[in-house]
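Here is the structure we will look at, set down as structure tokens.
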Amino acid sequence: MIRQKAEFKESTVSNLRGGKGDLKREDIFTPEEMLGKAEWCIVLTIPAGCSIGEHPHGPDAEIYHMLSGTLRITDDGVTKDLTAGDVVFTGGGKIHGVENISGSDATMLAIKLP
């Protein structure tokens, strides 16, 4: 299946998981299109100063793949600044959260596995 960016379904998510600000969410594929192998496959745009609050994953898991910008990510108590190409996997009851500490938007691909 091929999906062009113009076909992504866009929405705004406010205060995600207790975080700050409004994030842009672009749904790429539905769970049905992914044959139930993932709950979502989305691109999130996180403006400067906005965040996703810390939250656990278990029994589900989530993958973040940085596309652009810089995000400060805390994963299982470890905090690092990530840029394009960096990847995070969180599952098994571990906790993660995200904050855009830079002066510009950051984007990441997020895939939630059941």
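The values are calculated or read from the model by the stated rules, or taken from the named source; none is laboratory data. Computed from a predicted structure; not experimentally measured. Cβ atoms come from the backbone with ideal geometry, glycine included; neighbour counts cover every protein chain shown. Keep in mind that these areas ignore ligands, DNA and RNA; they rest on the heavy atoms of the full protein, side chains included. Shrake-Rupley method; radii C 1.70, N 1.55, O 1.52, S 1.80 Å.
Summary of computed values
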| read-out | value |
| --- | --- |
| Count of residues meeting criterion [open to solvent by 100 Å² or more (accessible area, probe 1.4 Å) and assigned to a strand (DSSP E or B)] in region 1-11 | 2 |
| Number of positions in region 89-114 that are open to solvent by 20 Å² or more (accessible area, probe 1.4 Å) and of a type in the set (A, V, I, L, M, F, W, C) | 6 |
| Residue list for region 17-37, restricted to those being open to solvent by less than 10 Å² (accessible area, probe 1.4 Å) and closer than 18 Å to R3 by Cβ | E26 |
| Within region 12-51, tally of residues that are part of a strand (DSSP E or B) and not basic (K, R) | 17 |
| Check on T45, touching a Ser or Thr at 6+ places or on another chain (Cβ under 9 Å) and open to solvent by less than 40 Å² (accessible area, probe 1.4 Å) | yes |
| Flag for E54 being in a strand (DSSP E or B), acidic (D, E), surrounded by 14 or more Cβ atoms within 10 Å (Cβ to Cβ) and in contact with a strand residue (DSSP E or B) (Cβ under 6 Å, 6 or more places away or on another chain) | yes |
| Some residue of region 67-88 being open to solvent by 70 Å² or more (accessible area, probe 1.4 Å), assigned to a strand (DSSP E or B) and hydroxyl-bearing (S, T, Y) | yes |
